[in-house]
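K.L.:
Would you mind keeping the following structure in view while I ask a few things?
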Amino acid sequence: MKNFRSGFVSIVGRTNVGKSTLINALIGEKIAITTNKPQTTRTAIKAIVNRENSQMIFIDTPGIHKPKTKLGTTMNNTAWGSVTDGDVILFLIEATSDKIGKGDSLIIEKLKQAKNVILIINKIDLVKKEKLLELISLYSKELDFKAVIPISALKGENVENILDEIEKHLPVGPAYYNIDEYTDQTEKMLAEEIIREKILKLLDQEVPHGVYVEIEKMQDRKTSKKEDICDIEATIYVLRKTHKPIIIGKDGAMLKRIGTYARQDIEKMLQTKVNLKIWVKIKEDWQNMNSIIKKFENE
Ligand SMILES: Nc1nc2c(ncn2[C@@H]2O[C@H](COP(=O)(O)OP(=O)(O)OP(=O)(O)O)[C@@H](O)[C@H]2O)c(=O)[nH]1
Ligand SMILES: [Mg+2]
């Protein structure tokens, strides 16, 4: 096809602005976990959108923040690396903000080296129209955006317009991925993230941010009634001794809730019954251990 276009699209912005909610909305599948807590996303996550005349490879990134651990530094490196890397950059901000904060100023500075930057004003469901106009004029003074698109990633509002706009700026090129591939995340990675999402949603800040999840076993089998079932064994690693009883809860009640919610989501993803077993272990200071941080590095 002569006019087929393809390319990479980075989604960048401060933490919690809705980058992962947007990537899910763009592909219509849940491949990135989303929570109201900062620093939810820890690695770059790819999602592929195929259209009649184009293929776009989106990259969701960790939110830009001030790192306090080696994990934080690795996450920030991934995020900063994506700011200028990509045929098109979607720079996300929140409609509720009323000035350009320090984080956004730093991002804008770096974006001056990028090719095609589109400003996405997210969470428009939370503000009035007049507020949007002010924000558009404020940011437009700072950078020459190819377009400014107000959206609600949560409600899927105006998301299709982003695809139309990106297509205009993609170079002519072939499809890099098969049409049936929509993410680089394996089922194991997705299941680990689903478990971590439940922990982030059910518990306060400190404990979930010190958690990482590892799946040791993921195996299909037939039950005695000849039904398909997937046995999954996972371990939640916590940062401190005091965190373990919090994750487990009184008489195991919290771990049971985490397990039930995670199992329901994993069943939906795998389209099969799941038997999920979870252990909790302590790994002190893992956020500063190179051997573990490797898992989060961008390959
Ligand atoms: N009201 C409203 N909330 C939204 C919208 N988009 C995202 N959110 C919420 O904003 C919060 C953060 O969303 P995420 O998608 O996890 O944000 P993120 O930018 O990926 O965050 P990090 O991964 O931590 O950098 C969640 O509670 C979302 O439900 C939107 O359009 N409207
Ligand atoms: Mg995210």
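K.L.:
Using a Gaussian network model of the chain whose springs link C-alpha atoms within less than 10 Å, name the residue from Lys112, Lys198, Lys129 with the highest mean-square fluctuation.
P.N.:
Of the options given, Lys129 has the highest mean-square fluctuation.
K.L.:
While we're here: Taking neighbour counts of Cβ atoms within 10 Å as a proxy for exposure, in what order, fewest first, do Met56, Met189, Met75 appear?
P.N.:
Arranged by neighbour count, lowest to highest, Met56, Met189, Met75 become Met189, Met56, Met75.
K.L.:
Rounded to the nearest 20 Debye, what is the dipole magnitude of the chain about its Cα centre when Lys and Arg each give +1 and Asp and Glu each give -1 at the C-beta?
P.N.:
Approximately 940 debye in magnitude.
K.L.:
A further question follows. Can you give the relative contact order of the chain as a percent, counting alpha carbon pairs under 8 Å and 6+ residues apart? Intermediate values should be presented prior to the final figure.
P.N.:
Numbers: 561 pairs, mean separation 56.1, N = 299.
Across the chain, relative contact order equals 19 percent.
K.L.:
For segment 85-97, what does the Karplus curve 6.51 cos²θ - 1.76 cosθ + 1.60, with θ = phi - 60°, yield as ³J(HN,Hα) per residue in whole Hz, taken in order and with x for Gly and Pro?
P.N.:
Computed from phi, the couplings for segment 85-97 are 9, x, 6, 9, 10, 9, 9, 9, 10, 9, 5, 7, 6 Hz.
K.L.:
What list of ³J(HN,Hα) values in whole Hz, one per residue of segment 179-186 in order, does the Karplus curve 6.51 cos²θ - 1.76 cosθ + 1.60 (θ = phi - 60°) give from phi, with Gly and Pro shown as x?
P.N.:
5, 8, 8, 10, 7, 8, 7, 7
K.L.:
Specify the longest stretch of the chain that does not include any exposed loop site, a site being one of the chymotrypsin sites (Phe, Trp or Tyr not before Pro) with a non-H, G, I, E, B DSSP assignment and at most 16 other Cβ atoms within 10 Å. Kindly include the intermediate steps, with their values, before the conclusion.
P.N.:
On the way: sites that count: Phe4, Tyr176, Tyr177.
Looking at the chain, 5-175 is the longest stretch - no exposed chymotrypsin sites (Phe, Trp or Tyr not before Pro) with at most 16 other Cβ atoms within 10 Å.
K.L.:
Then there's this: For segment 205-299, which trypsin sites (Lys or Arg not before Pro) are both in a DSSP coil and crowded by at most 11 other Cβ atoms within 10 Å?
P.N.:
Filter output for segment 205-299: Lys225, Lys226, Lys241.
K.L.:
Subtracting the Cα-Cα distance from 0.36 nm times the residue separation, let me have the gained length for Gln271 to Asp285 in nm, one decimal.
P.N.:
Result: 1.4 nm gained on full extension.
K.L.:
Assuming 0.36 nm per residue, please report the length gained on full extension of the stretch Lys295 to Leu126 beyond their Cα-Cα distance. Write down the numbers at each step before the final one.
P.N.:
Details: separation 169, 0.36 × 169 = 60.84 nm, distance 3.62 nm.
So the chain would gain 57.2 nm between Lys295 and Leu126.
K.L.:
Report, in degrees rounded to the nearest 10, the 0 to 90 angle that the Cα long axis of helix 70-84 makes with the longest principal axis of the chain.
P.N.:
30 degrees
K.L.:
While we're on this one: Please get the size of the charge dipole for segment 5-169, origin at its Cα centre, with Cβ charges of +1 on Lys and Arg and -1 on Asp and Glu, quoted in debye to the nearest 20.
P.N.:
660 debye
K.L.:
Between Thr73 and Lys112, what is the spin-label point distance in nm, taking each point 7 Å from the Cα along the Cα→C-beta axis?
P.N.:
In this crude label model, Thr73 to Lys112 measures out at 2.7 nm.
K.L.:
Using the Cα centre as the reference, give the magnitude of the dipole from point charges on the C-beta atoms of segment 232-299 (Lys, Arg: +1; Asp, Glu: -1; all else neutral), rounded to the nearest 20 debye. The partial results should precede the final answer.
P.N.:
On the way: 14 positive and 8 negative charges, 64 e Å.
Value, rounded to 20: 300 debye.
K.L.:
Say R0 is 41 Å: what FRET efficiency, to the nearest 0.05, do Asp231 and Lys141 get from their beta-carbon distance?
P.N.:
The value I calculate is 0.10.
K.L.:
Could you point to the residue in Leu138, His209, His243 farthest towards the positive end of the chain's charge dipole, with +1 and -1 charges on the Cβ of Lys/Arg and Asp/Glu respectively?
P.N.:
His243
K.L.:
Could you tell me which of Asn161, Ser54, Gly28 has its Cα farthest along the dipole of the chain towards the positive end, charges placed at Cβ (Lys, Arg +1; Asp, Glu -1), taken about the Cα centre?
P.N.:
The one lying farthest along the dipole's positive direction is Gly28.
K.L.:
Just subtract the alpha-carbon distance of Phe4 and Glu216 from 0.36 nm times their residue separation and send over the number in nm, one decimal.
P.N.:
Gain in length upon complete extension: 72.2 nm.
All of the numbers you see were taken from the coordinates with simple rules; none came from a lab. These figures come from a predicted structure and were not determined experimentally. Here Cβ is always computed from backbone atoms with ideal geometry, including for glycine, and neighbour counts include all displayed protein chains.
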